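Coordinate-derived values only; no laboratory data. Note that the structure is predicted; figures quoted are calculated from it, not measured. Don't worry about glycine lacking a Cβ; one is built from the backbone with ideal geometry, like all the others, and counts go over all protein chains shown.
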Amino acid sequence: MSYTELNLEDLYLQMQDDLYDGLKEEIPEQVQEALRRGQTPQEILDGGLVAGMDIVGVDFRDGILFVPEVLMAANAMKAGMEILRPLLTETGAERIGTAVMGTVKGDIHDIGKNLVAMMLEGAGFEVINLGINVDAEKFIAAIKEHQPDILGMSALLTTTMPYMKVVVDTLGEEGMRDDIYVMVGGAPVTENFAREVGADAYGRDAAVSVEIAKSYMIRRRQKLAQPA
Ligand code: B1M
């Protein structure tokens, strides 16, 4: 199908519909078409992909969609994100810091975490993405190996978000807590929850997370520049 005849609003509605239906072939074509029309990656995410996934989330909650359909929608979303990836990660900026990121143990949701990782890369961070179902030992081993400035944890389930505290506590036990800035995010996570688990910051969405990470790096650099 050619999407060139659709006006922009209808193109986004089509994208949301096709994402809902898990049409993995169509989504990249629509993303390309939106790019051709001068839309930014952020506009395409907000107007098409994330908006479509929000509708999927509501119908999943209400028992209208089931896991197989949601998985298809997730795969369609990932196909769209692959088109946007080079645009989100391309950076002329110098490397400003390193982040280790992962979705916590018991949780396999990775779309939001990957989006945050891509946008951090675009802002000049090196990101070591540990994937899904990451336990404290794996986080600690990666931090020891890569010495990142930031640890980013994602959780999408109310049952897995408490695991963030396990990781923060393990960092403390290992004597590493003061050396790293811990950021948490994911749909059920809140500012209060972040505080409760001992994180340094809560990232509401990818754009906000990048801003928080960048301003932390500025503060850190200023602190290091001060005479002892
Ligand atoms: Co899941 N699922 N799911 N699911 N799923 C939710 C989370 C749910 C809210 C759906 C619902 O009922 N409405 C619900 C959780 C309910 C709860 O805990 N209270 C749920 C459930 C119940 C489940 C299963 C248990 C279902 C089952 O098996 N019966 C199961 C759990 C599996 C497991 O993890 N052990 C399950 C499985 C799945 C799929 C595999 C089918 C698929 C995941 C595919 C994948 O990720 N590869 C899936 C999906 C797609 C969803 C929904 C529909 C969409 C999530 C998503 O990708 N959103 C979701 C509904 C929802 O969230 N409304 C749902 C788009 C993404 C861009 O947003 O992830 O929020 P989000 O990320 C944002 C911010 O949160 C933030 O920035 C991102 C970009 O702006 N952010 C961070 C995220 N991580 C961050 C980390 C940071 C900073 C910011 O660190 C610095």
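Descriptive notes on the structure:
- Projecting label points 7 angstrom from Cα along Cα→Cβ for K138 and V208 puts them 2.7 nm apart.
- In the chain, the calculated helix contribution to ellipticity at 222 nm averages -17000 deg cm²/dmol per residue, counting -39,500 (n - 2.57) for every DSSP H run with n ≥ 4.
- Distance between the C-alpha centres of segment 56-118 and segment 165-228: 21 Å, rounded to the whole angstrom.
- Helix 26-36 axis, angle to the chain major axis (alpha carbon atoms, nearest 10°): 80
- Nearest 10 degrees, 0 to 90: helix 8-20 Cα axis against the chain principal axis: 70
- Equivalent ellipsoid, the chain (semi-axes from 5 times Cα gyration tensor eigenvalues, Å): 33, 21, 13
- Each of M72, M53, M164 has some number of other Cβ atoms within 10 Å of its Cβ, and from fewest to most they run M72, M53, M164.
- Cut-off under 5 Å, modelled amide H: who pairs with V127 long-range: A99
- With q set to 0.15 Å⁻¹, the log10 of I(q)/I(0) for segment 1-103, from the Debye formula over equal scatterers at the Cα positions, is -0.64.
- Cleavage-rule hits (trypsin sites (Lys or Arg not before Pro)) in segment 48-101: DSSP loop, at most 13 neighbouring Cβ within 10 angstrom: R95
- Gyration tensor verdict on segment 106-200 (Cα atoms; rounded if a/c is under 1.5, prolate if a/b is larger than b/c, oblate otherwise): rounded
- When you filter the GluC sites (Glu not before Pro) in segment 1-78 for DSSP loop state and at most 11 other Cβ atoms inside 10 Å of their Cβ, you are left with E5, E25.
- Against the main long axis of the alpha-carbon atoms of the chain, helix 163-173 sits at an angle near 20°.
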